[in-house]
Structures are given as structure tokens and as C-alpha cells.
Amino acid sequence: MFWVASQKTKILHRTDVLNSLVNIFSSAADTINICGNSKFPSQLLFLETTKKAIVSAKNNGIRQRYLFEITKDNIKYCRNLIEILGHDDYFRHSDEIEANFVVNEKQYLGSITLKEPHQQAIYSNMEAIVEQQHHIFGTLWDNARHLQDRIRETEEGIEAEFYEVINNYEKAQEKYISLARSIDKEGLLLFANSKAMLRANKIGVIDYLIEASAKKGALIRIICPLTEENFEIVKAISEKAPDIRILNYDDRDSSHSGLFVIDRKKFMRFELKEPKAKEFSEAIGFIVYSNNKVGVESSKSFFELLWNERVQKEKLKEYEKLKEADKMKTEFINIAAHELRTPIQPILGLTEVLRSDRLNAEKYNEFLDIIIRNAKRLRQLADDILDVTKIESHNLILKKEDISINDLISHALLDFKDLIGKKGDDGKLNLLYDEPKQDIYVKADKYRLRQVITNLLGNAVKFTKKEGTIFVTAEEEKKKDSNDSKEVVITIKDTGTGIDSEIMPKLFSKFASKSFQGTGLGLYISKNIIEAHGGRIWAQNNPDGKGATFFFTLPLQMSSSKLAHQTDIVETS
């Protein structure tokens, strides 16, 4: 049943759809415009009735313009239509087609579905609607591409050039994930800040980067500020895909922009409204997504520029470290050589004197003491070098036991008082210890802690020289970062020359020394011993400008009063 002129608009079903479509072809005076999605070409040619209508309109000299979304699946149908019409001048491609419609000078048939049994369409001969559809078709036609260009790109796997600005976060996230999933050979990713890596990990982008590297062998490079908050992600990447290269840059250099370049084919630029947001939806402002060749190459060049700049900075830092290490090692060799020569010379010289048998008993014992003292210096140097080797190879083993801080400090001070007395400095250099009211016990390696205290006292004596005071304290305090845990803080304060400003930044590093008065290993060893116990060590020059103070802490397993009570119980039982 045909649609009569008096009726204006109606929804058609089944055979009425096909009859109306054929009628539009047959009643056209000059032009028919046909617009359809990727499935429409096959539907037009599948039905013999519509195929005949197309051929009849061509024979009647009617100009037919076809605008389709061309895909690999419908290329053969498009070629069939070209054969029917005898040329391809009136065929074009567009990605923006959603619905199917046909329009001639006076009639319009839209939202066409030709698949049985769900045939359906909207028909209208209202002048305003027909005119509107001609305008829509004209706009799409003017922005469409020639059919043969699209066919060639489709057959050769060449993607048409596009440039999208997406401000819908859901679509932006979908494109982001899809782009990461599509990596074949190369992925370059610049994160705006450390939070951006967390967001990428949360939506699965990092997993696709790992997969591309580990399974496809793709080259993945990432530039991102490396902080504590993304440390675990970086660690996971290095474990699962060790070939992925990540360069750090200062978080202060972060911006509101990020960049993603894939296989030299596509790029995505991120513009963030909330760079520090946890969720992608909250952070994203909009993204620019394109396969424009100029845009891809300029984005890649920009990434390479940043990458090379960071690489050069890293190389420069590494060079400076190596240079500094080499300088320190050279200084250490010179110092060690001096330290070796100093005790060796009196040992050799006085040994020869002892062999002469020309000494009385007093001189003999005096020279023997000097030989023993210098031999101990040699042993200390050997022990220090051995300790550094253990620290570097992570073989510093602690034998912990319950020890008294009072006993430890008192015995160390007694040794130094005896040494000072033998040198004839007694009374001029004072060693004082302010004992706590209640003894403090720690679980620690007694030998190693005594080594630390001896090192610190030795430094204090050396730089205080012959006159002054060295004051030692031990106090039980609450840890700053905990309400329950406690620690003992031991301080060694002197009135000597203080710490040289040049040495201060590297005070606890290897070979940190400015004079031939030691190897510069003592404080490095002390630092590692204290940290192995779970404590901290630091130093500062005294505010009055006289001398320096060294501090170190040790964690307490329990309060001293509890430990004392526990000891009483054990002894009683």
C-alpha cells in the first residue's frame, strides 16, 4: 500500500518500507542522495527489488550520490555499486554515519532497517523535513573522503587521519586504555607527576605496558617523578618487565600535561585540571587524541628531547659521583699509607733498639709499650677495612644480648682516662659522664656498640686535643614518630675545634677526612652499626661555636624499670 500525497509523516513497517524505498528511486526527478552505515550497502544489494530500482534510476539518468562508512567487510558491495553505475564519482566515505536514509527532491525515508523481519523506517514528504535532510547530507558529503582513497587505506591497513579533543572522562579513559593495549613496537609515556602513575596503574594501563614489553618485546620508556608513593609500582614494573626503562625527574618540574606516543602512529596529550587527584575522572580536564603525522612526530621529538636531557643529567650525576668516589679513594690511599707508615716506623726502629741489649728495664718496657700501641693501630686499620668490606657485602652480623648502657659507657671512658693519663694529659682534658638515675638496658651487640662509642670518644679526644671537656649523657626518650615506643639517646659533646663545614655534608661517608689524622672510616662504620640496630646517628656543631656534639639512638625493647623488675624476678627464682 503506497503512501498518499495528503499524508505527511508516518512510521512504516515490513513491505511498506521496501515499497516506499523503491518509490523514492522511481519518482526522483534529478537526484537521489543515499546515506548509510557500514551495513547498508549489503542490504541494498541483497534485495533484488532495490537492486533493480538502482539500475532503473541509473538508466533514467538520475544522479545517485552514495555516502557510506567504508570497511573491509563492505568493500565488495561498494565495488558492485560502482559497476552498476559505471563510475565512482558519486561515492564517498565518512566515519560519522549512524543511521541510514534516502532522500529525493520531495520525499525522505530515514532510520531505515531492511533486515527481515524487523523492516522499519520513517517516511516524510513534508517540505521542511526533506529540505533539512538535504542539508544534513550536503554537510556530511562536503566533509567526506573519496571512496577510492578509503578503499586503498582499508585494503593496505592504513588508518585515516583524525584529530579528536575529548573532554568526557569516560571516553578519555577508554581511549587511554585502548591505546596502551594496542602497543606493538614502542610506547613513550610522560607522566605529569607521580600521582599520574598511580592513576594509570589503577585503570590497568601499567599492566598493558608490562605486557607489551614482556610478551611483545616492545620498547617502553617512561619519564616520571619517582617518589615513595609510586615506589611499589616502579618496583613491580622492574620485576615483571625489566626491559622497561624509567627516568626520574624532579617533582617540582611537574605540570598539568602528560604525553603518550604509540608506535610512531598515534599520540595522546593529557591536560589535567586536578594533577594531584587520586582518580582519573577527577584529574582529567581533556585529552587530545590523534594520528596526525606531524603531531605524532613532534610529540615523539618532544619526548626524546626530555629523555635525552634527563639521560645527560643522570650521566652527569653519575660522573660526579664517580669523580668524587675516585677522589675519596685516592685520599684514602694516601691517608692509609700515612696511617700504615706512622706505626710501622717506630715498630721497626724500636725493635732494632730492643735487640741491642743496651737498655735498662725501664726503657725496655717503655719502648715495648710504644711497639704494642703502634701494633694496635695497625690492627685497628685492618679491622676498619675489614668492617667496611662486611658492610659493603651486607655481611655485618650482630650478636645481640641484654647490655647495660652505664657499664658500656663507663668502661669506654675508663679506657680513655687511662690512655690520657699515660700521655701526661690528666687534669687538662676532662671526661665527664652524667649517669642516668636508673640504668638503661638495650638488646644490642656489645662489641659493636663499644666500637661506636670508642670511635666517637676517639674523635672527641683528637679534636679537643690536650685541654677541654668531653661530656657524655644517656637519656631515655619517647620516639618522635610513635606514642608507645621508646629509645635511648646517647650524646658525646666536646669543646674542641668542631666539624669542618666542608666535611659536614659527607661526615658519615667513607673516607670523609681532611687531614692525616685518620682513615675517615670510623664514622661510616659507626653509622652502619647504629642503623643495623634500628637507631639513628647525627652530629652538629655546638651553638656557642666551641666543639661539636654527636648523637645516636638505640630502640628500647621495654622500659628500664620493667627490665629491672624482670631481672629481680629471675635472680630471686
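Just so you know, all these numbers are worked out from the coordinates, no wet-lab data involved. All values derive from a computational prediction rather than experimental measurement. Because the Cβ atoms are built from the backbone with ideal geometry, glycine has one as well, and the counts that use them run over all protein chains shown.
Some notes on this structure:
- For the stretch 9-156: rounded, prolate or oblate by the Cα gyration tensor [a/c cutoff 1.5]: rounded
- Cross-link reach is defined here as a Cα-Cα straight distance under 17 Å, omitting same-chain residues fewer than 8 places apart; for K466 the aspartates and glutamates meeting it are D415, D418, D425, D426, D494.
- Degrees between helix 293-354 axis and first principal axis of the chain (Cα, 0 to 90, nearest 10): 10
- Summarising the amide proton neighbourhood of S290: residues at separation of 5 or more, or on other chains, whose placed amide H is nearer than 5 Å comprise E164, F267.
- Spatially, the stretch 277-291 and the stretch 98-120 are offset by 38 Å when compared through their Cα centroids.
- When peptides 474-480, 35-41 are ranked by their average number of other Cβ atoms within 10 Å per residue, the highest-first order is 35-41, 474-480.
- Counted charge near R181, where neighbours are those whose Cβ lies closer than 10 Å (Asp, Glu -1; Lys, Arg +1): -2
- Helix 361-392 vs. the chain, principal-axis angle (Cα, 0 to 90°, nearest 10): 10
- Nearest-ten-degree value, helix 169-181 long axis tilted from longest Cα axis of the chain: 80
- Considering the chain, its Cα convex hull presents a mean projected area of 45.0 nm².
- Aspartates and glutamates with Cα under 15 Å of K52, excluding same-chain neighbours fewer than 8 positions away: E83
- Cα gyration tensor, the stretch 163-291 - rounded (a/c under 1.5), prolate or oblate: oblate
- Extension reserve of the D184-K546 stretch, reckoned as 0.36 nm per residue once the Cα distance is removed: 123.7 nm
- The stretch 203-237-the stretch 462-502 distance, computed between alpha-carbon centres (Å): 45
- Value of [θ]222 nm, deg cm²/dmol, for the chain, DSSP H segments ≥ 4, -39500 (n - 2.57) each, nearest 500: -16000 deg cm²/dmol
- Listed by chain and number, the lysines whose C-alpha is less than 24 Å from the C-alpha of K400, apart from same-chain residues fewer than 8 away, are K390, K443, K446, K478, K479, K486, K527, K562.
- Global form of the stretch 36-120, assessed from the alpha-carbon gyration tensor, a/c cut-off 1.5: rounded
- Highest average packing first - 368-380, 62-74, Cβ atoms within 10 Å: 62-74, 368-380
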